[in-house]
Amino acid sequence: MKKWMVVPILIVALLLGLPNHATATETAKNDTVYVAGNPDLFPFEYYDTQLGSYQGILPELYKQISQTTGLEFVYIHPGMINQQNRLAKNGQVDLVSAYVRGEIEAAERELILLRYDGNTEICVAFTAITPGWVEEAIRSSLENLSAQQVLELSLRVPKPQPEQKLYWWAGIIGGVLLLIIAVLAAVLLWHRKARKKNDKIRFIDPLTGIGNQSYFENTFRHCITPANYALYYLSYISLDVQRIEQYLGILKAEEIQRYAADVLSQTAADEDFTARIGDGVFLLALQAPSEEAASIRVSEILEQLNRYEGTFLEEHRILFRAGVFGIDTANLPAETAVFNARQGYNAAAHNHCSYIFTDKALLNREATKIELQRKLLGALENHEFLLYMQLIVDRNERIIGAEALTRWQSREKGLLSPGAFIEPLKSAGLIDKLDFYILEETCKQLEQWSLTGKEHLWMSCNFTRLTVSRNDFAERFQNVLERYQFPHDCLIIELTEDSLMDNTTVAYRNILECKKMGCKIALDDLGSGYSSLQDLCDYPIDIIKIDRHILLKSTTTRGNALLQGLTKLGHDLDIKVLCEGVESETEKQRVCEAGCDYIQGFYYSRVLPRDEADLFYMRKQNA
């Protein structure tokens, strides 16, 4: 049969109707037949994205069979992705609809609907779970719709006797209609191919060629069903792309992600699916009979991922980690599954291990942390964080400035110290909000001091490495400074040593911008474990703050030599030296003997609220 005859013949078949089998299958009424549809076999069957359902010749036939037999045809997981092989293999459907023979591996009992081009056959198939009487009813109905029989019937239609001219025109009209149908079929075929190409692009990650987030969400929705959800485990696999880009460059980071995509594609089984949903972030949904089996598979995949060929320093080593979540609920939203798997990954990264399974205890802890983060965000918006200060003196015990600190006046738990909120703010990505909040309060205080004759007092304000490494740091910093009037050299930007260890290019640029604005730079906690003496040469440091741990060790000969050596080093580099944590007269004497310029600690001042700090200063001035 010619290809161009297929569409009109089947359309004729629809118009002729179906034989009535109601009597033979009366017991079949109200029974459901689950169907695996073909989204891309126009005009026999295709998925209409606008209608959200299967359309075409076979869906129409099923409607008519339903009317005559009482069977109800229900398509499983309708969508643009063809899942016929998987659904048939897993025994989730009764009927595999509209496919070219040879394309379905699990087709057991095929029924050929149409042959054309000599060797192309359009079929439907019944699976192992199809009840016999259901198969018989459907087979009986479809077998009576053979396109060859329809063609023979059309050829046996007797020629009309009256007015040959009328039938001559009817023949022309019929030919024109057939030509129109053929043209429409060609246009629809082109449209189908174009739509298929666009849909394919829409679901593909351009960097790696595997599925993207849209692909994952669509596949998750259609592949993970109430019948098989307990077999699936979702792995959230990631690495620190920003660190890779910093040390190795963007091209190498992209190469590593393509390598990861290849590994995941090669190790994925038929029922698995994988996607890249962000920079360095991959998802792998895999089937496993138990958590132990899933653990073995994830371990093997991570081992292969971390076997990336290349020679790197240990601190630059590529390291993929994973969080694994066992799907424990039918019809679970994809975003919830991803969130749960990501909590396992976060825990693995925090604990420096390869992977962690997300369980209820972990999710409960995460829920508690998220609730705390939500409260912290509300506290920032409601100005519940208060400015506290610890005053600083020079060698003559004159107050010359203060360090800006903060406390959280929680409505539920009262006054809380930084240990209760700094880490949750960091993990929530909100620490920059607190840093700039305290900067604003510090600038307000410096403006007030400037207006009340205390413009000589300076204040240091702490910034975390995460904040200083942000690309927009300098712009945000300048915006705050411009809202207040005070000598900018009274504001000291205090950086912990680890501030200079990550994203050094951005941090260095931001520090220089602060210097250009007239502010001074202090390096906090010198000697606390992140020391790099090179930083004292490379960065425009004005003040170094020696950590209390060094002061405590100064009771020994070597410890005292270290304290004096660090002080001399600072002075040789034209850097002022401040010693923190001075709590006694003896410690004060050792600090002064070492030559430190400034002293900070409980011996002179405890951490005080803003108003109390001002009163403390006034009492000292009047003493």
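Quick rundown of the values:
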| read-out | value |
| --- | --- |
| Single residue of K515, K576, K568 found to be charged (D, E, K, R), farther than 26 Å from L439 by Cβ and surrounded by fewer than 20 Cβ atoms within 10 Å (Cβ to Cβ) | K568 |
| Any chance I543 is of a type in the set (A, V, I, L, M, F, W, C), modelled with pLDDT of 90 or more and within 20 Å of H488 (Cβ to Cβ) | yes |
| Complete set of residues in the stretch 579-617 that are of a type outside the set (V, I, T) and more than 26 Å from S417 (Cβ to Cβ) | E585, Q589, R590, C592, E593, A594, G595, C596, D597 |
| Hey, E271 surrounded by 15 or more Cβ atoms within 10 Å (Cβ to Cβ), assigned by TED's automatic domain parsing to the domain that holds V324, farther than 20 Å from Y345 by Cβ and in contact with a helix residue (DSSP H, G or I) (Cβ under 7 Å, 6 or more places away or on another chain) or not | yes |
| Selected residue (only one of Y62, Y75, Y99 is among the aromatic types (F, W, Y), in contact with a helix residue (DSSP H, G or I) (Cβ under 9 Å, 6 or more places away or on another chain) and touching a residue at least 60 places away in the same chain (Cβ under 8 Å)) | Y99 |
| The stretch 328-346, subset buried (at least 20 other Cβ atoms within 10 Å of the Cβ) and of a type outside the set (S, T, N, Q), residue farthest from D240 (Cα to Cα) | A337 |
| Which listed residue is among the aliphatic types (A, V, I, L, M) and free of Cβ contacts under 8 Å to residues at least 60 places away in the same chain, from L380, L391, L387 | L380 |
| Some residue of the stretch 226-238 being in contact with a strand residue (DSSP E or B) (Cβ under 7 Å, 6 or more places away or on another chain), part of a helix (DSSP H, G or I) and not hydroxyl-bearing (S, T, Y) | yes |
| Those residues of the stretch 103-139 which are small (G, A, S), more than 16 Å from A36 (Cα to Cα) and at pLDDT 85 or above, in sequence order | G132, A137 |
| Unique residue being in contact with a Lys or Arg (Cβ under 7 Å, 6 or more places away or on another chain), charged (D, E, K, R) and not assigned by TED's automatic domain parsing to the domain that holds D270 when the list is E121, E103, E108 | E121 |
| Count - residues of the stretch 466-478 that are more than 14 Å from C519 (Cα to Cα) and assigned to a helix (DSSP H, G or I) | 6 |
| Only listed residue being within 27 Å of I438 (Cα to Cα), touching an Asp or Glu at 6+ places or on another chain (Cβ under 9 Å) and not assigned by TED's automatic domain parsing to the domain that holds N306, chosen from L386, L380 | L386 |
| Set I256, I244: member being among the β-branched types (V, I, T), surrounded by fewer than 22 Cβ atoms within 10 Å (Cβ to Cβ) and outside any strand (DSSP E or B) | I256 |
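The values are calculated or read from the model by the stated rules, or taken from the named source; none is laboratory data. Predicted model, so just to flag it, every value in this text is computed and none were measured. Quick reminder, even Gly has a Cβ in these numbers, built from the backbone with ideal geometry, and neighbours come from all protein chains shown.
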